[in-house]
Amino acid sequence: MIIFKVGGGSAINWEGVVRGLAGVEEPYVVVPGANALRDRVSKALGRPARRVVSKSGYESVLTGREELETMMMTYAGLRNKSLVESLRAHGVNALGVCGIDGGIVSGKRNPGFRVCEEGRVRIERDLSGKPKQLNKPLLETLLGDGYRLVLSVPIADEEGRAMNTENDEIVALLARELKAQRVYQFIEAPGLLEDPRKPETLLRRITPEELTSWERVVEGRMKRKLHALGKLFQEGSPRVVISDGRAQDPLGDALRGGGTVIERRKDDAQR
């Protein structure tokens, strides 16, 4: 079982990603991003995304009802179905779903989070939350029938209503519940960088334990990503590869040793 997470930046080589996925014979789930597409559509609609930073330093996009509708248009709509179209054109038996379809992914709405702005702390509430459970029988049936799944937000809250969540959190839940052996993440960088301004500072190999140290020093979206990556190893020992989604052959590069590999040391994994 493999999970692929593809970033939603404007420079991602989607055609290259699809060519790589078309050659994968094992069952897999793709979790695609669409943040650049969402921002473009939001701006065109006159309601640009609102970003805040929590007191603990994690960056988020606030999700009201209008933002949720834009997400349905872009993540569950255009991005999901365009990817399904491309995969099927390459001979892949792809099926596109979002978390609320059949309750595939459900979770708990956030009660609120502390936001720091201009030296003041306030409580912000929106239509977002954490994924907590999967409809495993449905997922396993679809995967067992040979479908390759493209899974997008939104997910379902406690009442079955749509809410936003982080794709990294979905990936962590999928990896744990479906016992994924490998997780590939394609981003707009060569991998995890010691200095985000210098590609030559690529971290070739790190352990899960080192993620915590790096989380303390990075900022913005990367801080949240590293926190979610740590969850991949709480109940399993997958091989995680973070590599450049802008490359001509993103998956091929990752398989040839490109990017950052995160995995337990062999002696730790055998304990």
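Nothing in this text is a laboratory measurement; each read-out follows from the coordinates by a stated rule. Owing to the predicted nature of the structure, the values given are computational and were not obtained by experimental measurement. Because the Cβ atoms are built from the backbone with ideal geometry, glycine has one as well, and the counts that use them run over all protein chains shown.
Would you list which lysines come within 24 Å of Lys43, measuring only between C-alpha atoms, while excluding same-chain residues fewer than 8 positions from it?
Within reach: Lys81.
When you count, for each residue, the other Cβ atoms within 10 Å and take the mean per peptide, how do 188-199, 244-255 rank with the highest first?
Going from most to least packed, we get 244-255, 188-199.
Could you point to the residue in Val18, Ala89, Val52 farthest towards the positive end of segment 1-107's charge dipole, with +1 and -1 charges on the Cβ of Lys/Arg and Asp/Glu respectively?
Among Val18, Ala89, Val52, the one farthest towards the positive end of the dipole of segment 1-107 is Val52.
Would you please put 122-135, 168-181 in order of how densely packed they are, using the mean number of other Cβ atoms within 10 angstrom per residue and starting with the highest?
Highest to lowest by the protection proxy: 168-181, 122-135.
Below 8 Å between Cα atoms, with a sequence gap of 6+, how large is the relative contact order for the chain in percent?
Rounded, it is 23 percent for the chain.
Whole-Hz Karplus ³J(HN,Hα) for segment 163-180, in order, using 6.51 cos²θ - 1.76 cosθ + 1.60 and θ = phi - 60°, x for Gly and Pro?
Once rounded to whole Hz, the list reads 8, 7, 7, 7, 4, 4, 5, 4, 4, 4, 5, 4, 4, 5, 6, 9, 6, 5.
Run the numbers for Ser10 and Gln133: contour at 0.36 nm per residue of separation, minus the present Cα-Cα distance, in nm.
Fully extending the segment from Ser10 to Gln133 adds 41.2 nm.
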